[in-house]
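Below is one structure; the comments refer to it alone.
The values are calculated or read from the model by the stated rules, or taken from the named source; none is laboratory data. Predicted model only: the values in this text are computed from it and were never measured. Glycine gets a Cβ as well: all are built from the backbone with ideal geometry, and neighbour counts include every protein chain shown.
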Amino acid sequence: MVNIGNVIVDDDLYEKMGHYLSNDKVELVAQAYAFAEKAHAGQKRLSGEAFFEHPKQTALFLADLRLDASALSAALLHDVLEDCDVTFEELSDEFGNDVAALVDGVTKLTNAEVMGDSQFLSGSQSAFEETSLEDIAQAETLRKMLMAMAEDVRVVLIKLADRLHNMRTVSSLPQGRREAMAKETLEIYAPLAHRLGIWEIKWMLEDLSFQQIDPDAYKQISLRLNTKRGKREEYIQRVVEIVKHELDEAGIVAEIYGRPKHIYSIHKKTERYYESNREVSEIYDLFAVRILVNEVKDCYGALGVMHTKWRPLPGQFDDYIANPKDNLYQSLHTAVLCEESSPVEIQIRTHDMHQVAEYGVAAHWLYKETGELDIQFEEKMTWLRQLLEWQRDVSGAVEFVESFKTDIFQNQVFVYTPGGDVIELPTGSTPLDFAYRIHTDVGHSCVGAKVNGKLVALNYHLQNGDTIQIMTSKVTRGPSLDWINPSLGYAKTSSARAKMRQWFNRQERQTNIERGKELFQKQVARLDLNTDEYRAAELFKYKTVDDMFADLGGGSLSTSKLISRISLKSDLITEQLIHSVVPKTGPASGVQVLGVGDLLTNIARCCNPIMGDEITGFITRGRGVTVHRRSCPNIMSEDELDRIVPVDWGESRTLYPVRIQLDCWDRVGLLGDVTSVVSNERINIANINSEEYDDRCVISLTVYTNGIDQLGHLYTKLEAVNGVDGVTRLRNIDPKIEN
């Protein structure tokens, strides 16, 4: 402990801030240290340690980032307004408005979290509700973060450090709370640290969250890394020595070291390898080296040395110096086939670039007095101002959270306008996303797109370096309803889809009602669902059926959500048939009989129910329980009600035969196109036949599907086939129920 102006301060904190703060600033932090320690005296955390340890650790981490004295003081004091008998006025009088405002900002964020946690843990709303309490709380936290960042980004830096220490000590919390906090951290806080460019916080938050969400996978990767650690470190040291020698020969002064591997990044890379059918064991054999040089020209010089010494791997080079990321990250990335034919990933950057890469916006305070990075800092925060603009276009809590996860926190691609301007979009974005990012009117007027001078489909996935030219009509036609259908993949970003929905909502209400009614009737008829428009409106909590039709026709309510809600939320079974309900056990057959043990079940051939249909069971003689659709005529006319039992779908992935019919205009190759679509959806065809009538034909086929959602997705794909007018589900009725 160190005595600073009659205040005893932790040695580590004093040493860290003493390297870059003046004596008067150190004394300000020391006063905050003493104030917070006294205010939290006697308070304990759930782990049993003194509560003051938490704000102290928060301040210690921010001192590593070299934040200013006001931020360190606010970090030490960030819990006193909420947990102690201290007022905002007291803080303002004692430490000034700057520190008090920072503490107040962090407190408001914390209060939003507490509200969300209590609602989430105590809420009884169904997971099928359109907007859950958890979604609302998460959206509220995000909105508060945006506003806090717009006023002073240090509020969020303190909150990130606060969350980091909480995740490090999360083991003392109940399991449900741990998992909820880890999920929120992984989805919101870690990506936020990434967007702010603070790699140091990002990877720690990811690893700590992953450890709680999937502890088995975390341990497996940790053990595998540890078994190869000695060999890996020996190899990296050999490569570092070779690189050092080669750069010295070229007259390039550089600092070279091996980059550590982080468990969550390995997990994500494993998933990508599985998707591309690559050997997963290769991940653990990848080596990584970082080269830090003094000047930008040395970056490219070092790159030339590396590519001369070893063969570069195709498609593994990225120049983020010429094209910085949106968070101002700059570096050269390459991969070479190094000693013993092992692939080595190499990052090359200047020391200044490294400072920004590791500390992001926090690096701004290192140069604040000289103003050297003030312009870059303003550029770094332009995405925040853009977000504040976007959130005015997003109404629902779920949509708001989703826009962050898709538009802001996913991996990015960098594309060019015809004029050479760089536009950053989430990976998987399309020309339509690009058009709406340029301007809303450009998106509404879009009729086609060229990528690198060639015409492409509007659902083409943009690649790094593409140059996009949007072709527009002279008259604004507005978006197609297909563009907001997620199954067709026309728009990746939530912001683009929100602008499309706004356009539809501005159209004549009656037009939307008529379109929505047509869509509703079409979906219910083709999937043969036993419901009506009034029941559907009630399930979605609409005041009138017309309100539901207007949203459905305007795109605010998707047809996929409509079908999922109808098929999973309906409770049309009569009360006298419900004898008892017990927790679901999910027998191996895929159907569970409620109220009794695991019984033999089989699917009725008269109505062929599939996963998602409303079902009931009929006790047969010698064959257990036969599962029927509740609307099956054989069940509706059954007199022996005591043989009817409630059943529900289990959790196994059983496939169910479904008979569907396609009404088409006959043409050459039609049948081949239909079977190709079904095959591409990874759905098996049991049998198929076709009947021709002049220039028309009817194709009937039986497919094996895992439920209503997959069937609805297949319908969408089939209806897009040239010549197909409509798709309906057939019902086969036997003369009497199976006994």
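A few comments on the model shown:
- With respect to being basic (Lys, Arg) and surrounded by fewer than 22 Cβ atoms within 10 Å (Cβ to Cβ), LYS492 falls outside the description.
- Those helices (runs of 4 or more DSSP H) lying entirely in region 8-65 with at least 2 residues more than 20 Å from LEU157 (Cβ to Cβ): 11-18, 23-39
- Any hit, region 430-443, residues being out of contact with any helix residue (DSSP H, G or I) (no Cβ under 8 Å at 6 or more places or on another chain), loosely packed, with under 14 Cβ neighbours inside 10 Å and among the polar types (S, T, N, Q): no
- Enumerated strands (runs of 3 or more DSSP E) restricted to region 408-500, each holding at least 3 residues that are more than 30 Å from ASN512 (Cβ to Cβ): 412-416, 422-426, 454-456
- Subset of region 606-622 that is touching a residue at least 40 places away in the same chain (Cβ under 8 Å) and more than 20 Å from ASN706 (Cβ to Cβ) - its residue that is surrounded by the fewest Cβ atoms within 10 Å (Cβ to Cβ): ARG621
- For region 676-697, filtering for residues that are modelled with pLDDT of 85 or more, of a type outside the set (D, E, K, R) and either surrounded by 14 or more Cβ atoms within 10 Å (Cβ to Cβ) or touching a Phe, Trp or Tyr at 6+ places or on another chain (Cβ under 7 Å) (or both) leaves 6.
- Of the residues making up region 290-308, those that are of a type in the set (A, V, I, L, M, F, W, C), crowded, with 18+ Cβ neighbours inside 10 Å and under 13 Å from MET353 (Cα atoms) are ILE291, LEU292, VAL293, CYS299.
- Given (1) over 32 Å from the mean Cα position of the chain (by Cα); (2) on the phi < 0 side of the Ramachandran plot; (3) not polar (S, T, N, Q), index of the condition GLY669 fails: (2)
- Looking only at region 36-57, and only at residues there that are in contact (Cβ under 8 Å) with a residue 24 or more places away in the chain and among the basic types (Lys, Arg), the one that is surrounded by the most Cβ atoms within 10 Å (Cβ to Cβ): LYS56
- Residue within region 242-255 that is modelled with pLDDT of 90 or more, touching a Gly at 6+ places or on another chain (Cβ under 8 Å) and buried (at least 19 other Cβ atoms within 10 Å of the Cβ) present: yes
- Single residue of region 698-720 satisfying the filter (in contact with a Ser or Thr (Cβ under 9 Å, 6 or more places away or on another chain) and assigned to a loop (DSSP other than H, G, I, E, B)) that is surrounded by the most Cβ atoms within 10 Å (Cβ to Cβ): GLY707
- Boolean, ARG195 is within 30 Å of PRO324 (Cβ to Cβ), of a type in the set (Lys, Arg) and not assigned by TED's automatic domain parsing to the domain that holds LEU328: yes
- Of all residues in region 532-541, those that are crowded, with 18+ Cβ neighbours inside 10 Å and in a loop (DSSP other than H, G, I, E, B) total 1.
- The listed residues are SER222, SER171, SER209, and the only one of them that is buried (at least 20 other Cβ atoms within 10 Å of the Cβ) and among the polar types (S, T, N, Q) turns out to be SER209.
- Considering residues of region 256-274 that are within 23 Å of LEU337 (Cβ to Cβ) and either hydrophobic (A, V, I, L, M, F, W, C) or assigned to a helix (DSSP H, G or I) (or both) only, the residue modelled with the highest pLDDT: ILE256
- Of the criteria (1) of a type outside the set (Asp, Glu); (2) buried (at least 21 other Cβ atoms within 10 Å of the Cβ); (3) at pLDDT below 85, which one LYS144 fails: (2)
- Scope region 328-339; condition touching a residue at least 24 places away in the same chain (Cβ under 8 Å), surrounded by fewer than 17 Cβ atoms within 10 Å (Cβ to Cβ) and not aliphatic (A, V, I, L, M); matching residues: GLU339
- Scanning region 282-318 for residues that are modelled with pLDDT of 85 or more, outside any helix (DSSP H, G or I) and polar (S, T, N, Q) yields a single hit, ASN294.
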